[in-house]
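Take a look at the structure below.
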Amino acid sequence: MTTALFWIAAVSALTYLPMSPRPASALRSVCKTASVALLALVAALSGAPILLTLALALCAVGDALLSRETESTFMAGIGAFAAGHLAYIALFLSHPASDVALIFGRPGIFWTLIILGIVAATLLAPRAGDLKIPVLAYIPIILGMGATVLALPEIGTLRWALPAAMAFIASDLILATEKFLLPAGHPALRFTPFMIWILYWGAQAGLLIAFS
């Protein structure tokens, strides 16, 4: 059953992909939300850690909110995703194989994340307007997720966790660039919605595989 649900989630994600640059609609919201909500259901039914199910469920709520594309739902969506990332951080650090010392054993990745955070905050702060505070609060949370995943050893299915977390961060950085940095009509806007969705859903599926 869980295998079937996973593939239904994948079909939902593929169905949403061509809709990603389109205006908000009920069908678009359903496909976007279902593609991750079903992953949360797979996690729950397969006996995966409760924190994984919680993280996926919170992100599904965030998807539902962001799919409406209003300023109020955007702020609420950021809150849901921030809570999801905190659940992922707790998942990474509470795993039996987790070792905090490993975080500093890969200084290249760790310091890249720090630099990314500084650059993102510097660029976004003057351009985020009324969303400045939630956007700046979100940056250390998403990058904290990227740092804490380094505590996991690259063994077995846990090997999926690091690339999945990095894909998640890349998706969020592209989303921030799309929303706050690129002017209307910029050529890159033809591609960014597809890049964001492929990286994002791939990250969620990868984290499910890593911990299931």
Using a Gaussian network model of the chain with C-alpha springs under 10 Å, which one of GLY185, GLY77, GLY105 is most mobile by mean-square fluctuation?
GLY185
Place the peptides 14-21, 54-61 in order of packing, highest mean first, counting for every residue the other Cβ atoms within 10 Å and averaging per peptide.
54-61, 14-21
Starting from 0.36 nm per residue, how many nanometres of slack lie between SER72 and THR112 once their C-alpha separation is accounted for?
11.2 nm
Please build a GNM for the chain, connecting alpha carbons under 10 Å apart, and tell me which residue among HIS95, HIS186, HIS85 fluctuates the most.
HIS186
Just to be sure I understand: with springs between alpha-carbon atoms less than 10 Å apart, which residue in LEU152, LEU66, LEU45 has the highest mean-square fluctuation in the Gaussian network model of the chain?
LEU45
Please give me the summed charge of the neighbours of LEU113: other residues whose Cβ is under 14 Å from its Cβ, Lys and Arg +1, Asp and Glu -1.
0
By the scheme Lys and Arg +1, Asp and Glu -1, what is the net charge of all other residues having a beta-carbon under 11 Å from that of TYR16?
+2
Under the √(5λ) rule applied to the eigenvalues of the Cα gyration tensor, what semi-axes describe the equivalent ellipsoid of segment 24-130? Give them in Å, descending.
27, 24, 9
Hey, with R₀ at 45 Å, roughly what FRET efficiency would LEU5 and ARG190 work out to, going by the Cβ-Cβ distance, to 0.05?
0.85
Span-like helices, the chain: DSSP H, alpha-carbon axial extent 15 Å or more, mean Kyte-Doolittle 1.6 or greater, which ones?
26-45, 50-66, 107-124, 161-176
The chain, helix-only ellipticity at 222 nm - DSSP H runs n ≥ 4, -39,500 (n - 2.57), divided by all residues, nearest 500
-23500 deg cm²/dmol
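Readers should treat all values here as calculations from the given coordinates under stated rules, not as data from a laboratory. Please read all numbers here as calculations on a predicted model, not as lab measurements. Note: ideal-geometry Cβ built from the backbone for every residue, glycine included; neighbour counts use all protein chains shown.
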